[in-house]
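The values are calculated or read from the model by the stated rules, or taken from the named source; none is laboratory data. Fair warning: this is a prediction, and the values are worked out from it, not measured in the lab. All Cβ positions, glycine included, derive from the backbone under ideal geometry; neighbour counts span all protein chains shown. All accessible areas refer to the heavy atoms of the entire protein, side chains included, with ligands and DNA or RNA removed. Shrake-Rupley method; radii C 1.70, N 1.55, O 1.52, S 1.80 Å.
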Amino acid sequence: MIKKKNRWEVSETDVTPEKIYHQRRKFMQTSGAFCTTMLLSPWGSTWASLNQSITGEADATSYNNFYEFGTGKDDPVKSAQNFDTSDWKIMVGGECDRPGEYALEDLIDSNVVEERIYRFRCVEAWSMVIPWLGVPLASILNKLAPNSRARYVAFKTLHDPRQMPGQNRSTLQWPYREGLRIDEAMHPLTMMAVGMYGKTMPNQNGAPIRLVVPWKYGFKSIKSIVSIDFTEQQPPTSWNMAAAREYGFYSNVNPEVNHPRWSQKKERRIGDIFKQKTLMFNGYEEEVAGMYEDMDLHINF
Ligand code: MTE
């Protein structure tokens, strides 16, 4: 039996060895037209029909939001270089049968790390297309055996003002928190990423492990995660705590619901000059709309 690939999957191979990835990149860089805008087709991705081009690696790793390292877009790349992510542990708790402290290798089998090329839409109306390396979040959560009371999953970023200078200021309440409903967390699109562009995750992009939820605004994709909690109640989240009127719990990309201070109808892809239309659920409507069928997305924004 032939298993039909999901639309978001990279069809060439699920596991891209780093060497082959770079050989392919090299090939594309020398093949003229692909020099600046690397079309997806050489990756053999099913996204090729959407004619998306991958954001330049230099842009994606130097234009960042990571307030623990400052609020300027170029603060994280400068201030996070010495961030120590060795011997990283994740504390798991709440409504599950296997709580405890886990090392990354206990949660992620490096043999099944796969590459996924996703659109990424920030609430600030810019966007990127990024080749992530990681695993479906569901593969991690299933190992932790959530019980029937687990209706949400809550995440926290490291709190360490010595290493994270931005935490000495009260721009947000630290640690940074995020959360998903359990069906969103278990959705096959939701990813725990440990790398990008065929390499280990750069510190400024959320090393050593971060969430990637491509149909939601970028702030849901919490970086440098140190805790996972299964909860019965909807967990508090940093941006909602900071400005509830502006940032809801769901934060699904939705061109029909404007931010109170700006429109969400269009976005500028980093590296492009012209804006493009923002798509419902960031283009993943077919895959995720079913989870919100009974909800008024103007209320649950
Ligand atoms: N996670 C933490 N811990 N702190 C942050 O400030 N910023 C969020 C999200 N995750 C943020 C975070 C926002 S607003 C965005 S748009 C993305 O990270 C940016 O990810 P990138 O810098 O890798 O593009």
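Structure values in brief
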| quantity | calculated |
| --- | --- |
| Failed item, numbered, when Ile273 is tested on (1) closer than 22 Å to Ala150 by Cα; (2) assigned to a loop (DSSP other than H, G, I, E, B) | (1) |
| Leu107 vs. criteria open to solvent by less than 10 Å² (accessible area, probe 1.4 Å), over 14 Å from the mean Cα position of the chain (by Cα) and farther than 30 Å from Asn82 by Cβ | no |
| Qualifying residue in the range 272-288 (condition: in contact with a helix residue (DSSP H, G or I) (Cβ under 6 Å, 6 or more places away or on another chain) and not β-branched (Val, Ile, Thr)) | yes |
| Qualifying residue in the range 50-68 (condition: under 18 Å from Ile209 (Cα atoms), out of contact with any Leu (no Cβ under 7 Å at 6 or more places or on another chain), away from the ligand (no atom under 15 Å from the Cβ) and not hydroxyl-bearing (Ser, Thr, Tyr)) | no |
| Matching residues, the range 209-230, being among the hydroxyl-bearing types (Ser, Thr, Tyr) and near the ligand (Cβ under 10 Å from one of its atoms) | Tyr217, Ser221, Ser224 |
| Candidate set from the range 73-86 (those that are under 21 Å from Arg269 (Cβ atoms) and not basic (Lys, Arg)); member that is most open to solvent (accessible area, probe 1.4 Å) | Asp74 |
| Residue tally, condition in contact with a Leu (Cβ under 8 Å, 6 or more places away or on another chain) and within 16 Å of the ligand (Cβ to nearest atom), over the range 69-100 | 2 |
| Selection within the range 127-155 - buried (at least 19 other Cβ atoms within 10 Å of the Cβ) and more than 14 Å from the chain's Cα centre (by Cα) | Ile140, Leu141, Leu144, Pro146, Ala150, Tyr152, Val153, Ala154 |
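A quick yes/no check of all residues on (1) open to solvent by 40 Å² or more (accessible area, probe 1.4 Å); (2) touching a Lys or Arg at 6+ places or on another chain (Cβ under 9 Å); (3) closer than 25 Å to His298 by Cβ:
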{"site": "Pro175", "(1), (2), (3)": "no, yes, no"}
{"site": "Met196", "(1), (2), (3)": "no, no, no"}
{"site": "Ile209", "(1), (2), (3)": "no, yes, no"}
{"site": "Tyr217", "(1), (2), (3)": "no, yes, yes"}
{"site": "Ser227", "(1), (2), (3)": "no, yes, no"}
{"site": "Gln234", "(1), (2), (3)": "yes, yes, yes"}
{"site": "Ser238", "(1), (2), (3)": "no, yes, yes"}
{"site": "Pro255", "(1), (2), (3)": "no, yes, yes"}
{"site": "His259", "(1), (2), (3)": "no, no, yes"}
